[in-house]
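Notes to accompany the following structure.
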Amino acid sequence: MVNLEVVTLVLLLSSCSSSQVSERRIDANDDQDPNKTILEMLHIERVSASHQQARPHPYMRRIYQSLHSLDFGGADGTLVQSFRSILSPPDAPAGWIWFNVSSLQPSMLAAELVLFRKTLHPRPVSVTVTLHGVTAPEAARRDSPALEERLLKLEQRPASGYDVFDVSPLLARRPLEAVGFQLQYTDESGSLVLHEALTQSLYALTRGLQTEPLLVLYQRHRHNPELDSLGLQ
């Protein structure tokens, strides 16, 4: 006859083992990347970045949250890609912001350069900024067409904290490896301002930080009402 104490001990051990397995499964679920969960909810196959980060860029978190509220049931594949800035190529001139876009999806139709405005001028000052873009480092040494021109009020920061520039025309050139951007400034008198120094003063450019420059690409143009409703500019 089997000892009752032995049977009880076996049952207790079995119960503890099952409980530990369940706890491990719960822990594993808890450890899932919340950003991956968001992407699965959005049916996004992949969001590419030039290098992996522990946390997503704050601007991209807002993009994900906003896209979740929109209807993209008819969209196929990747809805949005993001690339963080990289070190300047060795043969590129100074004063440019570079991104590795070698994994750019051909379905992307719209692109934004996103820069966090870190510094505000203590007094009302305005400059006109002209954004230039190239698809190869050697092209940065030649005159490049302007992608966008706008008036910046240096004493005011956009509501989102970011200056967002439309760089979609650059996609028509079908960049293969890298794209670069330079901001050029003129003051109210029309005189040129030191471009590189002012860019470094105005914007957070340090790589690896949550405020570093970002290149965001969309499967649909931003003038689409659904994407305009993101309200991130």
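The values are calculated or read from the model by the stated rules, or taken from the named source; none is laboratory data. Bear in mind the structure is a predicted one, so any value in this text is a computation, not a measurement. All Cβ positions, even for glycine, are placed from backbone atoms using ideal geometry, and neighbour counts span all protein chains on display.
Structural remarks
- Qualifying residue in region 162-169 (condition: part of a helix (DSSP H, G or I), modelled with pLDDT of 90 or more, over 16 Å from H195 (Cα atoms) and in contact with a Pro (Cβ under 9 Å, 6 or more places away or on another chain)): yes
- Within region 127-146, the set of residues being hydrophobic (A, V, I, L, M, F, W, C) and more than 20 Å from Q200 (Cβ to Cβ) comprises A136, A139, A146.
- Listed conditions (1) surrounded by 12 or more Cβ atoms within 10 Å (Cβ to Cβ); (2) among the hydrophobic types (A, V, I, L, M, F, W, C); (3) assigned to a loop (DSSP other than H, G, I, E, B) are all met by A159, apart from (1).
- Where a residue in region 136-147 is surrounded by 11 or more Cβ atoms within 10 Å (Cβ to Cβ) and its partner, wherever it lies, is assigned to a helix (DSSP H, G or I), with Cβ under 6 Å and at least six apart: L147/P169
- Answer residue from region 112-134, given it is among the aliphatic types (A, V, I, L, M) and in a loop (DSSP other than H, G, I, E, B) and is farthest from K153 (Cα to Cα) among those: L120
- One residue stands out among those in region 95-126 that are hydrophobic (A, V, I, L, M, F, W, C) and surrounded by fewer than 18 Cβ atoms within 10 Å (Cβ to Cβ): the one that is farthest from L79 (Cα to Cα), which is V125.
- Contact annotation: residue pairs with Cβ atoms under 8 Å, 6 or more positions apart or on different chains, pairing a residue in region 85-97 that is at positive phi with a partner that is part of a strand (DSSP E or B), are G95/Q182.
- Looking across region 195-210, just one residue is exposed (fewer than 13 other Cβ atoms within 10 Å of the Cβ) and in contact with a strand residue (DSSP E or B) (Cβ under 8 Å, 6 or more places away or on another chain), and that is R207.
- Checking each residue in region 193-232 for being in contact with a Ser or Thr (Cβ under 7 Å, 6 or more places away or on another chain), within 18 Å of E149 (Cα to Cα) and at pLDDT below 80 picks out only V193.
- Selection count where residues are part of a loop (DSSP other than H, G, I, E, B) and at pLDDT 90 or above, scope region 183-192: 0
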